[in-house]
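Readers should treat all values here as calculations from the given coordinates under stated rules, not as data from a laboratory. Values in this document were obtained by computation on a predicted structure and should not be read as measured data. No Cβ is skipped: glycine too gets one built from the backbone with ideal geometry, and neighbour counts run over all protein chains shown.
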Amino acid sequence: MAVKFYKCEQQVPLEMHKVRMIQKLSLLPVEERLKKIQEAGNNTFLLQNKDIYLDMLTDSGVNGMSDLQFAAMMQADDSYAGSETFNRVKAAVKDVFGCENVLPAHQGRACENILAEAYVKPGMVALMNFHFTTTKAHITRCGGSVEELVDPKGLLPQSDDPFKGNFNLANLSQRIDELGSDKVAFVRVEAGTNLIGGQPVSLENMLAVTDICHDKGVKSVLDASLLQDNIYFMKTREARCKFMDVKEIYHLLADHFDIIYFSARKLSFSKGGIICSKNPTYTRQMMEFIPLYEGFLTYGGIDVRTMEAMAQGLYESLDMEYLDQGPEFINYLAKELSDYGVPVILPAGGLGCHLDCQAFVPDMPHDQYPAGAVAAAIYIAGGIRPMERGSLSEQREPDGTERFAELELARLAVPRRVYTLSQLKYVADRIKWLWDNRSLIGGLKWVEEPSVLRFFFGRLKEIGYWQEELAAKFRQDFGDSL
Ligand code: F0G
C-alpha cells in the first residue's frame, strides 16, 4: 500500500494485516549449513525445513492464511459427492471469474495433466509466452511439444519494460498459420510468467492473444496461477487498468479466454487447483478425467477444509491490500540488492526476487550450473533456501543433449503475508556479503540425474572445495554470529 512515510530512505511496504499465529524458526551455524547443503546433494529441494531459517523456495502452498480462511475451514461439509463445500467453491469462482463451469483438481499440475490429456495429441504444438516446468512435462508426455513466443525483451535480465511476459503477437499469428490451427493444441498465456522472473503480461496483450486465437479457431488457455501479482502490475503499470475494479479485470479475462486454470497454492492463498470456463463444452470435454485421476467432481482430490480456505482466499484475491503484499515486498528486496550492484531481474516481478546468476558468476559455464551454485551458496551464507530456475530446471532434449536456459536465475520467493521486512533486510544483507565474496563461488556436477523433472530430486556435488572456503570466509567476517 502506498502509505507515505514522513522520513524514510526508500518507500517502505506496509502491511495491512497483523500476525496472530507464529512458527518458531532456527538458524544453524555456518558450519552446519555447509554440511546440510552437501548432504542435500546441493539441491535446495532436498534440504529439510528444520535446517532452514527463511524458506524462499517457493510461494506455492506456503502463503499466510487469514483468520477468515481458518474460520471457513470449520464449516467444511465432508462428503464424497455433492458437498456444500464445493458449492461454496463454485460460488467463489463464479463471483471472482464469472465462470459457472468449475472442475477441481488437486493442484496446478493436475489441471495441466487434464488439459494435456484432453487436448494434446502426438505431433501437436502448444504455443505459449513461456513454458512452466510441469506444463511442459505433461505436454511432452502426451506426445506434443511446446513453443515459446515471449517477446525477446522478456529475456533481457534488465530493462524498463513493464510487461516482460508479453507475447510477440506477430510471431503468434505467423506460427499458427505455419502450423495450421488443427496442429495447435492450444495457446497458453501464463500470467506472471514464472521462469523469466515472475514477469507480468499486460491486459492489452492478453486480450490481443485471445483475439488472434478466436480469429484462427484455436483454443486459448490462461494459466492464472500467478494472476494475483499480474493484476497488481496491470493496476499499477497499465493506464487502462488504473481505474478498473480488480473484479472487472478477472471477469474481462474470463470473457475472453476459453479455459482458465490455476494452482490454488498460489492464487487464493490456499491449496488445490481449479479449471473453469464460461463455456460448458470445454469442461465437459475434460470432466471425465477428473474422477479418473483426481477424485469425484465435487472434490477433485482436494481436502474439504482446504476447499473452504480456497473459497475464502478467492474473495481475498480481489483485495488490492492483499494483492500488493507480494510485489511490494519483492520490489523492496530487489531495490536493496540492485542499489548495491547485485544483478537482479528488473523491473522486479511477482513471485520473488530473482538473481541473475550469469552476471553473479560470469565466468562459470552453463554446464557447471551457475544458478544452482549460487542457490547453494545463498543457503551457506544465510540459511536461506532459494530455488534454482536455470539450466538445472530444464529438461534435456529428446536426444539427451543439454538444453541450457536462456536465463540462469536463483529465485528468492516471497510467500504472501509471511515474512517481515526485517527478515527481508537480513536476506539482502547476506546476499550483499555473498556478492562481495562471489569470486569464491565454484560450480556443480551431477552425481544422480533423474530423467524427468531432474531439479526436484537430482543430486550434485561441488567442484573442488569452494564451499568450505566460503564457510571459512563467513566465519572470518562474521565472528561468532550465526
Ligand atoms: N503454473 C505456474 C505458472 C506455476 O508457477 C505453477 C507452480 C504451476 C502451474 C503448477 O502448480 O505447483 O500447484 O502443481 N509453481 C510452483 C513454483 C511449483 O514454485 O513456482 P502446482
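Using Cα atoms only, what is the angle between the long axis of helix 304-316 and the major principal axis of the chain, expressed in degrees (0 to 90) to the nearest 10? With rounding to tens, the tilt is 90 degrees.
Axis of helix 203-216 versus longest Cα principal axis of the chain: the two differ by about 50°, to the nearest ten degrees. The angle separating the long axis of helix 370-382 from the principal Cα axis of greatest extent in the chain is about 60 degrees. Taking the number of Cβ atoms within 10 Å of each Cβ as an exposure proxy, the fewest-first ranking of Tyr332, Tyr293, Tyr261 is Tyr293, Tyr332, Tyr261. Taking amide H atoms as placed 1.01 Å from N in the peptide plane, the amide H of Val344 lies under 5 Å from those of Asp356, each 5 or more residues away in sequence or on another chain. For the chain, pairs of C-alpha atoms spaced more than 43 angstrom apart make up 12 percent of the total. Compactness of the range 53-108 is given as radius of gyration and Dmax, 14.2, 43 Å, from Cα positions. Only beta bridges with both residues in the range 67-321 are counted; by DSSP, about 40 percent of them are antiparallel. The slack between Asp77 and Asp211, meaning 0.36 nm per residue of separation minus the straight C-alpha distance, is 44.2 nm. Extension gain, Gln10 to Asp95, is 26.9 nm, computed as 0.36 nm per intervening residue step minus the present C-alpha separation. Each label point was placed 7 Å from the Cα along the Cα-to-Cβ direction; for Lys247 and Tyr340 their separation is 4.3 nm. By definition, a body whose alpha carbon gyration tensor gives a ≥ b ≥ c is oblate when a/c is 1.5 or more and a/b is not larger than b/c, and the range 67-321 fits this oblate description. For the range 189-195, putting each phi into the Karplus relation 6.51 cos²θ - 1.76 cosθ + 1.60 with θ = phi - 60° gives couplings of 9, 9, 5, x, 2, 4, 6 Hz, in residue order, rounded to whole numbers and with x for Gly and Pro. Between Pro343, Thr420, Tyr293, the Cα set farthest toward the positive side of the dipole of the chain (charges on each charged residue's Cβ, about the Cα centre) is that of Thr420. The alpha carbons of the range 255-336 give a radius of gyration and a Dmax of 15.7, 50 Å, in that order. Legend: distances between Cα atoms for Lys24/Lys266; Lys216/Lys247; Lys7/Lys242; Lys24/Lys425; pairs beyond 21 Å are Lys24/Lys266; Lys216/Lys247; Lys7/Lys242. Note on Lys153: lysines with a C-alpha under 17 Å away, same-chain residues under 8 apart excluded, are Lys164. Each residue of the range 68-84 was assigned a 3J(HN,Hα) from its phi angle through the Karplus curve 6.51 cos²θ - 1.76 cosθ + 1.60 (θ = phi - 60°); the sequence is 5, 5, 4, 5, 4, 4, 5, 9, 4, 9, 8, 8, 4, 10, x, 6, 5 Hz, with glycine and proline shown as x.
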